[in-house]
Amino acid sequence: MISSRLMELVRCPDCGGTLDGAAPDLACGACRRRFAANAEYLVLHPGVSFAEQTKYLDEALHADARHEHVTPPLLSAKIRNDVLRSFLAPAPGDAVVDLGCGSGRTLVWNADLGAYQVGIDVSPYFAREACDHADLVLGDLRRLPFGDGVFTKAAALDVFEHLSREALADVLRETARVLAPGGRLFVYSHVRKNSPLAAGLKQINRLARWLERRGLVDLARERLRKSDHLNPLADIPDLERTVAAAGFRIERIRYYTPLIGGFVENILVRSGEHWLAKRAVRKQAAAGRAIDGNDAAREARAAAKARVGRRGPSYAGLRLVTWAMKLDLLLFGRVRSGPYFALLRREGGGSGRP
Ligand SMILES: [Zn+2]
C-alpha cells in the first residue's frame, strides 16, 4: 500500500529532495525527476546504475511462485522471525523498515505488534498480503529513498551476504542515515569463518547431494540462491569493525549453527517437495495432460502451502519440527560461528548524505 505516512517519509533517491504530487504522478521538488508508482507500491530506484546487481532480479528465482502468498512462519523462517521479535521488539510507536523485504512476509508476520512498517526491495515480487499490511517501496538499499532519521528500527534478513564490501558499506551508511540516533538494526546473515561445529553441516550437505544424484531431491533452486552470495565479511571482528565504521555498535549477538535445522530443511523438506512435485506430474499425466517439471513444482508447492495455510495436520507436524529446530539456537547459540543474529545500535551524532 501507499499510505499518507509513507508519502511523508520518502525522498528522492538521487538528491534527497521531497517528492511533489500524488501517486502515481510524482516528481522530485529539487531535481524534477519523475517517479512511477502503482496502486501497491512506489518505484524509487536511484538514477545511478550500479555495476553490481543481485540475481534476485532474475525471474528464474521467482519461477516457483514462492512469493505469491504468505503462509504462517515455520521452520528456519519461524526461528529467524522469533529472534527478530525478541531482539528488535517492534512496538506501537516504532517506525520499522524491512531492508530487502522480498515478498514482505516478515512485515505480514509482525503486523500484529502494532509498529508502523515499510518494506523496500529491489525486485517487485511482493506478496498479496504484504501489499495489504505494509507500505512498500521498490528501490536500492545503497540509495535509500527516505528522509534522515525517520525510522526507529530496521531489519536486514539474508541481505549482507549478497553484497560486496563496498555495497555493504553503502547500505550500512544509508541505514544509519535513515535511523534516528539510538535506533536499532536487526541483522541475520553470516561471516565466512565457521565454528568446528559447521563440519556437521558439510556432512548434511554431502548427504543432500548424494540424494540429488539419485533423483530424490532437487537442489537447483538452492544452488541458484547461494550462487548470489558474495560473503563480504571474514569473521566477527571484521563485522564489528565494518558496522563501527558506519556508526553502529553490536548490542546483542547469537550464532546459528543449524545442525538439526540443516537436516530438516536440506533433507526432509527437499525430499518432501520433490516427492510432491513428482506426484503432481504423475497425476497430470494420468489425466492426459502434459506438464513440465517447473509447473508441477509450482503447483505442488501451492497445494502444500494451501494445506499449511488451513493449519491442519501438516501445519501441526511442521510446528513440532520447528520446535525441535530451536534446539540449534539453545544448544549452539553462544558458540561463535558464521551465521549470526545481531542487534546493532546506531550511535548518536549526525550522519548526513555524503
Ligand atoms: Zn531529486
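Which residue out of E212, E240 is in the same structural domain as T322 (by TED's automatic domain parsing) and part of a helix (DSSP H, G or I)?
E212
Report whether or not R206 is loosely packed, with under 15 Cβ neighbours inside 10 Å and either in contact with a His (Cβ under 6 Å, 6 or more places away or on another chain) or not in a loop (DSSP other than H, G, I, E, B) (or both).
yes
May I ask you to say which residue of A27, A23, A36 is closer than 30 Å to E129 by Cβ, surrounded by 13 or more Cβ atoms within 10 Å (Cβ to Cβ) and within 15 Å of the ligand (Cβ to nearest atom)?
Of the residues listed, the single one that is closer than 30 Å to E129 by Cβ, surrounded by 13 or more Cβ atoms within 10 Å (Cβ to Cβ) and within 15 Å of the ligand (Cβ to nearest atom) is A36.
Before we move on, is V187 in contact (Cβ under 8 Å) with a residue 40 or more places away in the chain, part of a strand (DSSP E or B) and assigned by TED's automatic domain parsing to the domain that holds A154?
It is true that V187 is in contact (Cβ under 8 Å) with a residue 40 or more places away in the chain, part of a strand (DSSP E or B) and assigned by TED's automatic domain parsing to the domain that holds A154.
Determine whether the stretch 322-331 contains at least one residue that is among the β-branched types (V, I, T) and buried (at least 19 other Cβ atoms within 10 Å of the Cβ).
Yes, because at least one residue in the stretch 322-331 is among the β-branched types (V, I, T) and buried (at least 19 other Cβ atoms within 10 Å of the Cβ).
What about D121, is it buried (at least 21 other Cβ atoms within 10 Å of the Cβ), of a type in the set (D, E, K, R) and in contact with a Ser or Thr (Cβ under 9 Å, 6 or more places away or on another chain)?
Yes.
Can you work out which of the residues in the stretch 39-65 that are surrounded by fewer than 15 Cβ atoms within 10 Å (Cβ to Cβ) and within 14 Å of the ligand (Cβ to nearest atom) is modelled with the lowest pLDDT?
V48
Among the residues in the stretch 145-154, are any farther than 30 Å from A30 by Cα and of a type outside the set (S, T, Y)?
No.
If I filter the stretch 4-20 down to residues being more than 16 Å from the ligand (Cβ to nearest atom) and among the charged types (D, E, K, R), which single residue comes out as nearest to the chain's Cα centre (by Cα)?
R5
When E273 is evaluated against the numbered criteria (1) touching a Lys or Arg at 6+ places or on another chain (Cβ under 8 Å); (2) exposed (fewer than 15 other Cβ atoms within 10 Å of the Cβ), which criterion, by number, is the only one it fails?
(2)
Please go through the stretch 280-333 and give me each residue that is in contact with a Lys or Arg (Cβ under 7 Å, 6 or more places away or on another chain) and of a type in the set (V, I, T), ordered by number.
Across the stretch 280-333, the qualifying residue is only T322.
The values are calculated or read from the model by the stated rules, or taken from the named source; none is laboratory data. In this text the structure is predicted, and so the values were computed from the model without any measurement. Glycine gets a Cβ as well: all are built from the backbone with ideal geometry, and neighbour counts include every protein chain shown.
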